[in-house]
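**Q** Structure provided below as structure tokens; questions to follow.
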């Protein structure tokens with residue numbers, strides 16, 4: 001069953017980020033799909049300064065609503081091309097939440113407050129590497145958020161990353 005009309009809300013907000021309609025599809029209909037949602041991109045969060053005794057964080061919505069209606073298993077795969085994270089209080093996190101956009105109220109976000117799956121990059125992450133997480137039974141759409149966490153004392157926090165969702169119906 002093709003859910004193209006139900007998946008019209010899928011969008012990604014950054015330049016260099018794929019729309020979910022850009023999909024690499026397996027040879028068999030209804031098979032696994034790879035949705036590359038983040039081209040190789042350099043991030044520099046070094047200037048996030050908490051100015052306080054606790055950590056400061058910055059969130060960026062990478063994809064507001066990726067349609068995964070036909071799939072049961074979701075794998076988030078993050079390629080770490082390079083990373084500089086000298087402080088133990090720093091992290092870069094990819095968080096995936098369930099969401100359900102509404103034609104009746106398009107200006108509002110309906111997002112599950114619980115994280116569906118996440119990938120954390122920490123001081124112990126060494127490039128090059130692939131960091132993955134898998135979850136099952138997603139909502140019809142997924143929201144992908146990148147969160148950078150800076151230590152109480154600001155330090156270099158840079159990374160070159162790319163990422164994709166791998167979807168399977170079994």
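**Q** Can you pull out every residue in segment 27-42 that is under 30 Å from residue 69 (Cβ atoms) and modelled with pLDDT of 80 or more?
**A** Taking segment 27-42 as the starting set, the residues that turn out to be under 30 Å from residue 69 (Cβ atoms) are 27-41.
Of everything in segment 27-42, those that are under 30 Å from residue 69 (Cβ atoms) and modelled with pLDDT of 80 or more turn out to be 31, 32, 33, 34, 35, 36, 37, 38, 39, 40, 41.
**Q** Among the residues that make up segment 63-73, is at least one of them at pLDDT below 95 and touching a helix residue (DSSP H, G or I) at 6+ places or on another chain (Cβ under 7 Å)?
**A** yes
**Q** May I pose another question? Identify, from the list 122, 132, the residue that is farther than 19 Å from residue 46 by Cβ and in contact (Cβ under 8 Å) with a residue 12 or more places away in the chain.
**A** Details: 122 fails: farther than 19 Å from residue 46 by Cβ.
Going through 122, 132 in turn, the sole match is 132.
**Q** Something else about it: Can you confirm whether residue 50 is out of contact with any strand residue (DSSP E or B) (no Cβ under 9 Å at 6 or more places or on another chain), at pLDDT below 85 and more than 19 Å from residue 145 (Cα to Cα)?
**A** On the way: out of contact with any strand residue (DSSP E or B) (no Cβ under 9 Å at 6 or more places or on another chain): no; at pLDDT below 85: yes; more than 19 Å from residue 145 (Cα to Cα): yes.
No.
**Q** Looking at (1) part of a strand (DSSP E or B); (2) surrounded by 14 or more Cβ atoms within 10 Å (Cβ to Cβ); (3) touching a residue at least 60 places away in the same chain (Cβ under 8 Å), which is the only condition residue 116 fails?
**A** Single failed check for residue 116: (3).
**Q** Name the single residue, out of those in segment 133-154 being farther than 25 Å from residue 55 by Cα and surrounded by fewer than 15 Cβ atoms within 10 Å (Cβ to Cβ), that is nearest to the chain's Cα centre (by Cα).
**A** Taking segment 133-154 as the starting set, the residues that turn out to be farther than 25 Å from residue 55 by Cα are 134-142.
Okay, now just the ones that are also surrounded by fewer than 15 Cβ atoms within 10 Å (Cβ to Cβ), so 134, 136-137.
Details: 134: 13, 136: 16, 137: 17 Å.
Here the answer is 134.
The values are calculated or read from the model by the stated rules, or taken from the named source; none is laboratory data. From a predicted model like this one, the values you see are computed outputs, not experimental measurements. Methodologically, a virtual Cβ is constructed for each residue, glycine included, from the backbone with ideal geometry; neighbour enumeration extends over all protein chains shown.
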